Structure formats: C-alpha cells, structure tokens
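Below: the structure, in structure tokens.
The values are calculated or read from the model by the stated rules, or taken from the named source; none is laboratory data. The model shown is predicted, which means the values in this text are computed figures rather than measured ones. Quick note on the areas: whole protein, heavy atoms, side chains included, nothing else; ligands and nucleic acids left out. Shrake-Rupley method; radii C 1.70, N 1.55, O 1.52, S 1.80 Å.
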Amino acid sequence: MFLHNYKYSLRLMLGNRQLVFWTLAFPLIMALLFNMAFSNIEKSEKLDPVPIAVVDDSSFRSNMIYSETLKTLGEGDDALHRDGQAVLKVTNSGMEEIARQLQSGNKDIDYKAVFTAEAEKVMGTDTGLKDTSPGNMSFVMIEYYSLIAMACMYSGLLSMTLMNYNLANVSPVGKRCTVSPARRGSRLLGSLSASFTVQLFGLLILYLLLLFVVRADFGTKLPQIILLSLLGSLAGLTLGVAVAVLVRINENAKLTVLISAVMAGCFFSGMMGITMKNIIDKNVPVLNRINPVAMITDGLYSLYYYESGERFIIDAVSLAVFSAVMLLISFTGLRRQQYDSL
C-alpha cells in the first residue's frame, strides 16, 4: 500500500503545473535574477588600495616584521595599499629621534632600550601573516543562501497539497481514503516520501544552476551545505503536513497560511535584509530559535564564516527536532480526526 500511495502521489504532484512552478521553477528564476542584479555590484564597490609612502632606510630594512607585513598587505588583487612616490626627510635617525623626544618628558625611562628589548623578543619568534578568511567572502552569497532556505521551506507546498487529497473535509478523494482500510500513517509516510523525492530533484537542479551557470562559490563545505539543505527540506515538508492537518479551512486558505508563515520566517531570518536577522537575534532571540528558515540560514552562515562546526551541528539538530515535532503533531492530529458523516 505504501508503494502504491508513493507512485500515486508522484503522478499527482508532477501533473500539477502550478505546484511544479512554485517549488521547482520559481527558485531557478530567482537565482538567475539574483545573478543579473548583483553580479557587478561588488566590482563597482571594490576598495581601492590606499597610497602610502615608506621611509626605506636601514631601520626599516632591519625590521623584518614591519617590512614583511607591508609587503603582504600590498600584494595580490585585494591589496590594501600601494606604494607612493613621496620622499620624507628627517634631520636625525628615526628611532633615535623618537626616543629622544619621548625621553624628554621622563628622564627616568629609557624608551629606546625598552623598545629594542621587546623588538628583539618578537624578532626571535616565527611571526607572519596568514589569511585564514574564507575564499568566498561575498555578500552576494548571502542572497543565494537565503534562496536555498526559501526553496527548502517551499517544499511544504508539496506535502500540504498531497495531504489535502487525503483529508475527508477537504477533497472528495480524501473521503474515499478515509473510509478505505489503508492506515493513515502509511498514507502520510507515502505522501512525505513522494514529496521528498520531488524536492530532492528540485534541489539538484538548483545546485547545478548555482554551481555551473551562476558559478556561485560554496567553498570546500558543499557537502555540509547539501546536508543542511536536506534537513531544511524535511522541515519544510513536515511543516506543510502540520498546516494541512491542523488548520481546518479550505485548500486555498491553507495555501495562504503556509506561504505567509514561510515568508514571515524568511523576513525574520534576514532574506529581505541581513540586518533584520541581527535585530531579531538581539531583541527577540527565541523567535529565530524556533524559526526553521533562521535555522537554515544560520547554519549556512556558520559554514560561511566559522571554521568550527559547533554552530552548524546545533542548527542541523534543531532542524531535525523541528521535523520530528511537526511529524508527531501531524500523526496525533490525524488520529483524532473523526467525522459524523462522509
């Protein structure tokens, strides 16, 4: 019976053009629009190197830390400075002149000796600059991450549509399903499995578009991103089932409730502006802790910014718990549904 319900659910979803558009085609269109709108923004806002001048004397050449630091910061396409052509002349040796001026205020402190001693300690250590920031530090990626989160939660449209066909108070098909000997749990799992299959296909196309057409740079953590997307899709599917079972209104009204809930979650998680997520986290932190969209985007941001996977694991587990709670609520709601007549 499970396999029969699974096949029937697949045919039902793929035959619904409106459903296919919003869950499969719409995220692809948004990805292309984001690419056209934001692809040249970072180039136009690129920071120009700051022109500087350096006194190239024996003191500068002997200070390897200072000279190597300037050299490192001035190399590459993302250089922070470029050497100028200015010439600076002083009457005395730089460090000695500074030391004398400092000592003029306090004769008891030998600033030059203190500086020299500390410099020798630093010079004796293996010191250097190392860029440990992610290679894909782009604010445009935040938009793509938000799009992935939205696509995951839109999977709820799939599961809610299928559940509506299984509910007696929504559709004639649901009346026949209710009086049939098939178990409600089997119908629910079959519908969820079919929905998840279609969602996986949609995510696959979306990632192929982002990787090979838009050429979004996900860095080296693509497997973790895909795992989080799968958990986010499961959260969206179970949310759609819960709305279908618990909200006892007509099908169009349920659709409005689900889309409104998803878009509200997207708004609070920062899809319409990253500052909103910071505001919610600061003033109403509990709101985003129960918001599955915020769990997805927060997990993606943690992979984006942090080397440690602790925060990613917390978000992944939170999505799994959210899905389990939605499933439990849905099963309980289905078991309690009774009808005086069909």
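Numbers at a glance
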{"item": "Residues with amide H under 5 Å from that of Ala216, placed H, sequence gap 5 or more", "result": "Leu211"}
{"item": "Accessible area per residue, Å², segment 231-302 with all protein chains present, probe 1.4 Å", "result": "42"}
{"item": "Relative contact order of segment 198-342, defined on C-alpha pairs under 8 angstrom at six or more residues apart (%)", "result": "28"}
